[in-house]
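Here, each number is a calculation from the coordinates, and none is a lab measurement. Here the structure is a predicted model, which is why all the values come from computation and not from measurement. Please note: Cβ atoms are built from the backbone with ideal geometry, for glycine as well, and neighbour counts cover all protein chains shown.
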Amino acid sequence: MPLDVIMPALGMAQDSGVIVAWHKRPGDEVAEGDVLFEVETDKATMEVEAAGAGFLADVTAAEGQDVPVGEVIARIADVAGAVPAPSVEDVEPAPPGAPEEPQIQETPEEPDAPGAVPDGHRVIMPVLGMAQDSGLLVVWLVEPGAKVAADDPLFEVETDKSTMEVPAGADGYLAALLAEPGDEVPTGETIAILTEAPVAEPMRRGAAAAPVPAVHADAPAAPEPAPEPAAAIAKSADAEFPRPRAAPVVDGRILASPKARRLALEAGIDLAVIARSGTRPPIHAADVEGFLTRRGSGGATRVLTAEVSSDTFDAFAAWAATEAGLTDPAALLAGFAAAALGRETAIVAVERGPTIASYAVTGRALSEVTRTDAAVPDLILRDVRDLGLAQVALGAAAHPVISLGTSGGRIVLTLECADPAMTAPDCLHLLSELAGRLREPLRHLL
Amino acid sequence: MREITLSAAVNEALAEEMRRDDRVFILGEDVAEAGTPFKVLSGLVEEFGTARVIDTPIAEPGFMGVAVGAAMTGMRPVVDVMFGDFLFLIMDQLCNQAAKTHYMSGGKLNVPLVVRTNLGATRRSAAQHSQSLHALVAHIPGLKVAMPSSAYEAKGLMKSAIRDDNPVVIFEDKLMYQDKAPVPEEEYLIPLGEAQVLREGSDVTLIGTSSMVQVCQQAAEVLAAEGISAEVIDPRSIVPLDEATLLASARKTSRAIVVDEGHQSFGVTAEIASRLNEKAFYHLDAPVLRLGAMDVPVPFSPALEDLTVPTPDLVAEKARLLCAGELIHAA
């Protein structure tokens with residue numbers, strides 16, 4: 001399926017961005033993570049990466065053009081030449097701050113249908129800190145339908161660092177609330193609409209509604225937010241207001257019942273993880289149980305261990321450093337692990353204490369293992385040999401984890417993975433292949 | 001099974017015990033010919049005579065002292081304190097003498113006496129005849145406190161109290177004397193310190209004493225219609241307290257509300273809630289709530305008096321909040 005490339009929200013109160021330069025031409029093949037274009041905001045110029053692989057097509061914004069946040073400016077097609085790729089020069093620049101009708105027209109519902117998102121100024125989840133890709137909506141500070149000035153605090157956002165009040169950003173009437181307190185909303189996603197004229201029935205999208213597709217600041221290719229079906233929309237805001245004002249975090253503590261704390265502790269789950277998953281504190285036992293059910297749906301964690309002598313790998317690493325200039329043993333491990341995974345290309349994150357280094361492995365050759373900033377690994381290598389630990393099982397994460405421990409001059413490999421991530425034969429294959437490569441590094445080269 | 005009133009059940013318990021043991025006798029104001037203002041003791045003086053059903057002067061400290069002395073020297077008196085509010089008059093005899101004699105005599109003396117009195121508001125009896133003062137005596141080590149919630153409990157607990165070798169204070173709800181309940185013809189005892197689970201549930205535990213048991217049961221009915229499963233427990237005696245049953249229920253449901261007609265502050269609800277917090281803490285999904293009588297002198301005005309005691313609606317409302325996971329006192 002083609003991916004839409006949109007103008008991302010890169011800062012607070014940013015409603016448009018100027019395209020400084022395209023780094024890819026229409027028709028170019030792009031890989032996930034490739035720099036697509038540069039955007040200039042009022043604060044900084046930033047590179048925007050492709051959220052998926054494919055061929056750049058349908059480029060509708062030229063260099064120098066000021067594009068409203070959220071507007072589709074290109075697509076990443078599955079097939080080269082599948083869609084006409086007009087040259088950038090042919091695109092007629094739109095006036096700065098152009099209205100966003102295209103988005104409304106693209107939506108499957110009639111704009112006038114009851115429950116449709118009204119036209120107006122879109123309030124987005126802002127980026128309040130570096131490396132923040134979502135924010136927890138704590139509370140709406142304005143009643144639906146009420147009049148707000150641009151500087152009026154509109155809502156409170158909690159990030160991993162702090163809770164902040166966010167101003168409305170424009171004068172108008174709060175015509176639609178598209179997120180609920182407690183929702184974890186990706187940055188750039190529209191969470192409210194301000195209209196110039198008062199609205200008779202402010203819209204409030206209930207928390208039960210299907211999540212609005214995300215528009216990540218760092219992943220600008222997600223589809224447009226589309227209006228929810230009318231049935232999913234709370235019929236009257238009055239029924240929802242006033243809500244008891246939640247105090248999700250008090251002095252850095254997440255409110256949770258004693259039973260919820262105990263259940264989380266027993267399951268080894270940080271309450272912050274549950275809170276970030278979208279549960280609105282206070283967290284109760286049912287929230288923890290629900291989280292565990294969701295996480296564990298599909299079955300149990302697989303844990304496999306293997307042990308190999310560390311001598312051969314250490315000798316190989318020394319040889320690689322002196323003879324081939326491959327001085328990073330972690331890169332060698334990443335190369336072995338990717339090959340053991342049986343994939344042409346793979347992202348392997350190597351955790352060593354607090355540092356995490358991600359490697360892109362693009363082939364068999366260990367010299368082609370390069371550092372990458374890609375956030376989502378296929379496999380995590382957790383090296384705990386420096387800590388003197390032999391075997392650790394910290395619970396399955398979203399991705400398979402292989403821990404490397406040490407015991408009596410031997411490397412202890414522990415593979416953990418949740419059921420849906422890999423099948424049992426896959427797990428056996430992965431661990432035996434990796435152990436084999438550590439035992440006989442030449443195996444990898446042959 | 002036949003149904004009899006709470007009043008008749010108490011009368012039967014006393015008559016049976018007086019027939020069984022001639023050391024048992026009753027003393028108090030208006031207990032003989034008058035049969036007490038609530039007619040609970042009617043007929044006893046005709047059967048047992050004025051030597052065993054003794055009308056006293058209006059002098060509570062005096063006849064309470066007589067009872068303590070009689071108990072220490074081998075009798076088993078049942079002292080009738082006409083209104084629970086008059087407990088203040090017998091505090092020294094009850095709390096300093098009866099409660100401590102066994103301990104201070106090194107176990108050589110027992111004080112096997114029963115004080116039967118009452119509690120309960122909404123009878124339009126004003127501030128000095130409407131109090132529920134059971135927490136006052138429950139605070140004193142050496143005194144047992146029973147709180148029957150129906151005719152069945154009233155009879156079984158009274159018989160156990162009379163046979164107990166230590167002082168026991170029984171509080172009957174003065175509004176329940178005419179309430180009927182099934183009571184077996186044959187003899188039975190209800191041991192002190194044994195709670196009864198009246199209704200099983202899984203979402204919230206409602207612990208009620210005396211007439212508040214009815215309140216909890218009515219609340220549980222309302223909640224059941226809304227899909228909230230409430231467990232109702234009657235401790236039956238608050239000293240000794242069947243902690244194990246209460247804790248097991250709180251651990252099961254993770255939520256509890258304690259309902260009692262004594263004033264809420266420093267009262268029975270606080271004591272029970274506190275024990276649940278201490279001993280079931282890691283099983284609780286919400287704060288244990290107390291619902292006691294308002295901390296005001298009981299008003300004479302009917303409209304105001306009715307506002308001061310917990311009602312089924314209030315219990316149900318609080319239970320809904322707990323089960324919905326609403327923040328309570330979180331600010």
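Key figures
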{"item": "Dipole of segment B:240-310, positive end: most advanced residue of B:Tyr282, B:Gly267, B:Ala244 [Cβ charges, Cα centre]", "result": "B:Tyr282"}
{"item": "Members of B:Lys174/B:Lys318; B:Lys100/B:Lys174; B:Lys144/B:Lys318; B:Lys252/B:Lys318 lying beyond 20 Å, as alpha-carbon distances in this model show", "result": "B:Lys174/B:Lys318; B:Lys100/B:Lys174; B:Lys144/B:Lys318"}
{"item": "In segment B:24-70, the GluC sites (Glu not before Pro) that fall in loop regions by DSSP, at most 12 other Cβ within 10 Å", "result": "B:Glu33"}
{"item": "Of the GluC sites (Glu not before Pro) in segment B:111-188, those whose Cβ has at most 15 other Cβ within 10 Å and which sit in DSSP loop", "result": "B:Glu185, B:Glu186, B:Glu187"}
{"item": "Normalised convex hull volume, segment A:35-81, alpha-carbon set, Å³ per residue", "result": "83 Å³"}
{"item": "B:Met18, B:Met75 arranged by Cβ crowding within 10 Å, fewest neighbours leading", "result": "B:Met75, B:Met18"}
{"item": "Antiparallel bridge percentage (DSSP; both residues within the protein assembly as shown; nearest 5)", "result": "65 percent"}
{"item": "Whichever aspartates and glutamates have a C-alpha closer than 16 Å to that of B:Lys159, once near sequence neighbours (fewer than 8 apart) are set aside", "result": "B:Glu12, B:Glu16, B:Glu17, B:Asp21, B:Asp22, B:Asp80, B:Glu172, B:Glu185, B:Glu186, B:Glu187, B:Glu194"}
{"item": "Straight-distance crosslink candidates among aspartates and glutamates, where the alpha carbon sits under 12 Å from B:Lys180 and sequence neighbours closer than 8 are dropped", "result": "B:Glu3, B:Glu153"}
{"item": "Two-site label geometry, A:Glu368 and B:Asp30: point separation in nm, points 7 Å out along Cα→Cβ", "result": "10.4 nm"}
{"item": "Charge tally in the Cβ shell below 13 Å around B:Ser202, where Lys, Arg are +1 and Asp, Glu are -1, B:Ser202 excluded", "result": "0"}
{"item": "Neighbour-count order for A:Asp287, A:Asp386, fewest beta carbons within 10 angstrom listed first", "result": "A:Asp386, A:Asp287"}
{"item": "Where labels lie 7 Å past Cα in the beta-carbon direction, separation of A:Asp311 and A:Ala44 in nm", "result": "5.1 nm"}
{"item": "Per-pair calculated FRET efficiency, R0 = 22 Å: A:Glu289 and B:Glu278 via Cβ, rounded to 0.05", "result": "0.35"}
{"item": "GNM top mover of B:Asp242, B:Asp22, B:Asp85 - chain B, alpha-carbon springs below 10 Å", "result": "B:Asp22"}
{"item": "Computed E for B:Glu47/B:Ala126 - FRET, C-beta separation, R0 41 angstrom, nearest 0.05", "result": "0.75"}
{"item": "For A:Ile356, B:Ile140, order by how many other beta-carbon atoms lie within 10 Å, fewest first", "result": "A:Ile356, B:Ile140"}
{"item": "Residues in segment B:215-252 reached by a label modelled at B:Asp313 [backbone nitrogen below 18 Å; 7 Å Cα→Cβ]", "result": "B:215-226"}
{"item": "Whichever aspartates and glutamates have a C-alpha closer than 13 Å to that of A:Lys147, once near sequence neighbours (fewer than 8 apart) are set aside", "result": "A:Asp171, A:Glu196"}
{"item": "Neighbourhood net charge (9 Å Cβ-Cβ; Lys/Arg +1, Asp/Glu -1) for B:Thr269", "result": "-1"}
